[in-house]
1. Search the structure for amide H atoms under 5 Å from the amide H of Gly43, placed 1.01 Å from N in the peptide plane, and list their residues when 5 or more places away or on another chain.
2. Just how large is the dipole of segment 1-46 about the Cα centre, in debye to the nearest 20, putting +1 at every Lys and Arg Cβ and -1 at every Asp and Glu Cβ?
3. Percent of alpha carbon pairs in the chain separated by more than 21 Å?
4. Pick out, from Leu7, Cys47, Gly30, the residue whose Cα sits farthest towards the positive end of the charge dipole of the chain, with +1 on the Cβ of Lys and Arg and -1 on the Cβ of Asp and Glu.
5. If we count trypsin sites (Lys or Arg not before Pro) as exposed when they sit in a DSSP loop and have at most 13 other beta carbons within 10 Å, what is the longest stretch of the chain that avoids them all?
6. Within segment 1-30, which chymotrypsin sites (Phe, Trp or Tyr not before Pro) sit in a loop by DSSP and count at most 10 neighbouring Cβ atoms inside 10 Å?
7. On a 0 to 90° scale, report how tilted helix 48-70 is relative to the longest principal axis of the chain, with both axes built from alpha carbons and the result rounded to the nearest 10.
8. Using a Cα-Cα cut-off of under 15 Å, which aspartates and glutamates could be cross-linked to Lys133, ignoring same-chain neighbours fewer than 8 residues away?
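Every read-out reported here was derived from the displayed coordinates using simple, explicitly stated rules and does not represent laboratory data. What you are looking at is a predicted structure, and each value in this text was computed from that prediction instead of being measured. Methodologically, a virtual Cβ is constructed for each residue, glycine included, from the backbone with ideal geometry; neighbour enumeration extends over all protein chains shown.
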Amino acid sequence: MMAMKDLRFQANLVWDGESGGEIRAGKFEGLKLDMPIEFGGNGRYPCPDELFLSAVAGCLLTTFLYFKKRLNVHVTGFRISISATLRGGPEGYRLAGMEATIFAEAKKSNEPELRRCIELAKQYCHLTRTFEKAVPIRILDRIIVVD
């Protein structure tokens, strides 16, 4: 197996003076977050939990796209719906579980390769692999076959 090199990512967060902030990640800036109204925030932007779920869905997507390209699979549609339960307890809130559903669409002739790409994405998404021991993660898939 080929040795993989370490990669390092960085993000910086600057408080906006209210109940949120702006993220600068690498050369990208302008991503904003806010505290939910339920916790006394203004709810103007996605909260950290929503951004976390977006990152997990994004990891599943980019992992899928990596294998899609390697296996030369033609896909006509792809989306991910992801949710999590935040459970309150004596020590505060904790993520109790996540569930993602992958919706993928392809022609009948591409269905086996599409299924393979989805399975590889589930297996190799580094974020879900990292968190699965701490948080139950369920990943479902719904294949739509088109003519």
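1. Met35, Ile37
2. Charge dipole, segment 1-46, about its Cα centre: 320 debye, nearest 20.
3. When all Cα pairs of the chain are counted, 56 percent exceed 21 Å.
4. Comparing the listed Cα positions along the dipole, Leu7 ranks first.
5. Between exposed loop sites, the widest span is 28-132.
6. Working: sites: Phe9, Trp15, Phe28; in loops: Phe9.
Sites meeting the loop and neighbour criteria: Phe9.
7. Roughly 20 degrees between the two axes.
8. Excluding near neighbours in sequence, the set is Glu99.
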